[in-house]
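Data first, discussion second: the structure below is written as structure tokens.
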Amino acid sequence: MKVLWLCNFILPKAAADLGIEGIPKEGWVEGLMDAMKASNAIKASDAFGGMTLGVAFPVSEEHDGKRGELFETPGFKASYYCFYEDMLHPEKYDAALEQRMNRILDEFRPDVVHVFGTEYPHTLAMARAATTRDAHYHPGRERMLITFQGVCAAIAGDYLSSLPDKVVSSRTFRDLIRKDSIKDQHEKFRKRAVNELEALKLSGHIGGRTAFDKKWAGRLAPEASYHYAGEVMRGLFYEPVPSDVKRDENVIFVAGGDYTIKGFHYLLAALKDIRWPELKIRVAGQDLVDKPKYKICGYGKYLSEMIEKCGLEGRIEFLGRISAEKMRDEYLRCGIFICPSAVENSPNSIVEASIMGAPVIASRVGGIPDIIEDKKECILFDCSAKKPIEDNAANLKKAIETVKGDYKEALERAKKARERMLKDHDPVAVAGQMLGIYEVINKYEK
């Protein structure tokens with residue numbers, strides 16, 4: 001069987017092969033590939049008779065059309081295919097992408113096409129290329145699977161995340177020049193949601209992991225078949241937790257705060273006037289705050305004002321884009337991992353933090369209640385993008401005080417969360433599950 005994966009970011013092995021810097025995002029794709037590579041299910045299944053994997057991803061224009069080999073083992077081999085896409089403007093659809101997808105389809109000729117995520121135009125381009133009957137090779141609608149990461153339609157609905165009208169309407173110099181204010185960003189997600197809708201309607205199969213994305217699948221593409229599709233974390237997160245780990249109970253770790261739906265403003269408001277003199281907040285991802293005046297964006301300006309208003313100057317460190325190894329270190333050392341998002345599907349940061357044994361606090365939104373259980377494995381707080389910041393912040397503050405008030409109990413919840421995550425995201429089980437989905441799809445006539 002030949003399966004083509006369409007991904008949002010280049011895989012590390014391919015990046016090294018091309019001599020370019022990789023992007024430490026969406027590591028679950030690499031994790032799934034490693035799990036399938038190690039799986040005996042491929043070798044043992046007569047229905048598969050081995051598997052050939054093609055992995056396509058966007059690159060800069062200079063690498064457009066390049067391809068190479070990832071690995072070859074008994075019963076399983078993988079190649080990669082590069083295509084150019086303007087990733088800085090994912091709201092803009094470029095019809096030229098369809099020809100790039102056709103080129104890859106013609107060369108690889110897959111039995112099944114698996115697209116990871118709906119956030120970028122290449123998803124729609126592949127959906128059109130794979131299902132349009134013309135001179136090019138087309139697997140057809142019934143042999144195409146799109147698995148949800150985020151849900152653009154849901155993000156568009158909650159993008160403003162309780163922000164005051166004056167903040168939403170504000171525009172910094174940078175926002176004006178780039179046409180990228182909060183309002184502009186909101187509109188861009190609306191456009192991405194339109195592309196998402198068309199792509200899903202062209203696909204015969206949709207995969208997800210939560211009641212939240214299953215609901216959206218039924219709403220956006222009711223004629224498609226829905227499959228439960230688990231995820232595998234990157235390999236180093238399955239390594240044993242060192243016995244000598246010393247957590248700093250005064251450190252909060254957050255996996256991202258660089259755009260509105262991540263809810264970093266909820267966390268800042270929750271910590272206002274809190275009695276916690278030793279508090280430190282460490283944030284993975286882009287620093288929107290420490291920028292020259294002419295470079296700061298509207299949301300960054302608002303966060304900067306909130307940090308001062310809440311008395312949190314000097315307590316927050318933005319770590320920038322960090323590797324999986326450094327993320328693991330942060331999970332291991334923090335006292336609490338907090339996911340304060342206004343909307344999420346199934347954030348892998350919660351899974352990674354839990355596997356590393358960190359006590360978790362998260363918003364009760366989207367698919368989060370499906371992946372981790374309140375009070376037993378974590379503390380969830382009520383949150384709504386339609387409610388005032390103060391309401392969400394008050395709920396988050398109570399959750400923080402609950403963890404701080406009985407940290408021993410928080411560690412017990414973390415142990416139970418780790419046990420669940422290792423079971424739900426077991427690489428062997430997930431790889432076998434995904435192979436089963438491909439086998440079902442491959443039975444459809446071309």
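The values are calculated or read from the model by the stated rules, or taken from the named source; none is laboratory data. Bear in mind that the values here come from a model prediction, so they are computed numbers and not experimental data. Here the Cβ is made from the backbone with ideal geometry for all residues, glycine too, and neighbour counts use every protein chain on show.
Summary of computed values
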{"item": "Residue within the stretch 158-176 that is in contact with a Ser or Thr (Cβ under 9 Å, 6 or more places away or on another chain) and under 23 Å from residue 223 (Cβ atoms) present", "result": "no"}
{"item": "The listed residue being closer than 16 Å to residue 241 by Cβ and either part of a loop (DSSP other than H, G, I, E, B) or over 18 Å from the mean Cα position of the chain (by Cα) (or both), out of 353, 417, 385", "result": "417"}
{"item": "Residue match in the stretch 150-164 (condition: among the small types (Gly, Ala, Ser), at pLDDT below 95 and either out of contact with any Lys or Arg (no Cβ under 9 Å at 6 or more places or on another chain) or within 20 Å of residue 389 (Cβ to Cβ) (or both))", "result": "yes"}
{"item": "The stretch 277-294 - residue that is surrounded by 14 or more Cβ atoms within 10 Å (Cβ to Cβ) and over 25 Å from the mean Cα position of the chain (by Cα) and, of those, farthest from residue 339 (Cα to Cα)", "result": "291"}
{"item": "Elements of type helices (runs of 4 or more DSSP H) in the stretch 248-346, at least 1 residues being touching a Leu at 6+ places or on another chain (Cβ under 8 Å) and among the hydroxyl-bearing types (Ser, Thr, Tyr)", "result": "264-270, 298-309"}
{"item": "Neighbours by Cβ (under 8 Å, 6+ apart or cross-chain): first from the stretch 264-275, more than 15 Å from residue 317 (Cβ to Cβ); second in a helix (DSSP H, G or I) and β-branched (Val, Ile, Thr)", "result": "265/389; 266/389; 269/389; 270/400; 274/400"}
{"item": "Residue ranges of helices (runs of 4 or more DSSP H) in the stretch 96-173 with at least 1 members in contact (Cβ under 8 Å) with a residue 24 or more places away in the chain and surrounded by 24 or more Cβ atoms within 10 Å (Cβ to Cβ)", "result": "96-108, 121-131, 152-158"}
{"item": "The lone exception for residue 52 - which of (1) part of a loop (DSSP other than H, G, I, E, B); (2) modelled with pLDDT of 90 or more it fails", "result": "(1)"}
{"item": "Qualifying residue in the stretch 343-366 (condition: over 16 Å from residue 252 (Cβ atoms) and without any contact (Cβ under 8 Å) to a residue 24 or more places away in the chain)", "result": "yes"}
{"item": "Pairs where the first residue, in the stretch 428-444, is touching a residue at least 60 places away in the same chain (Cβ under 8 Å) and the second is in a helix (DSSP H, G or I) and among the charged types (D, E, K, R), C-beta under 7 Å, 6+ apart", "result": "441/143; 444/142; 444/143"}
{"item": "Single residue of 371, 322, 316 found to be β-branched (Val, Ile, Thr), closer than 26 Å to residue 407 by Cβ and at pLDDT below 95", "result": "322"}
{"item": "First in the stretch 281-293 and outside the structural domain of residue 338 (by TED's automatic domain parsing) and under 12 Å from residue 254 (Cα atoms), second anywhere and of a type outside the set (S, T, N, Q) and modelled with pLDDT of 95 or more, Cβ under 6 Å, 6 or more apart", "result": "none"}
{"item": "Search result, residues across the stretch 434-446 that are in a helix (DSSP H, G or I) and either surrounded by fewer than 16 Cβ atoms within 10 Å (Cβ to Cβ) or more than 20 Å from the chain's Cα centre (by Cα) (or both)", "result": "435, 436, 437, 438, 439, 440, 441, 442"}
{"item": "Checking residue 243 against (1) over 17 Å from residue 403 (Cα atoms); (2) of a type outside the set (Val, Ile, Thr); (3) in a helix (DSSP H, G or I), the condition it does not meet", "result": "(3)"}
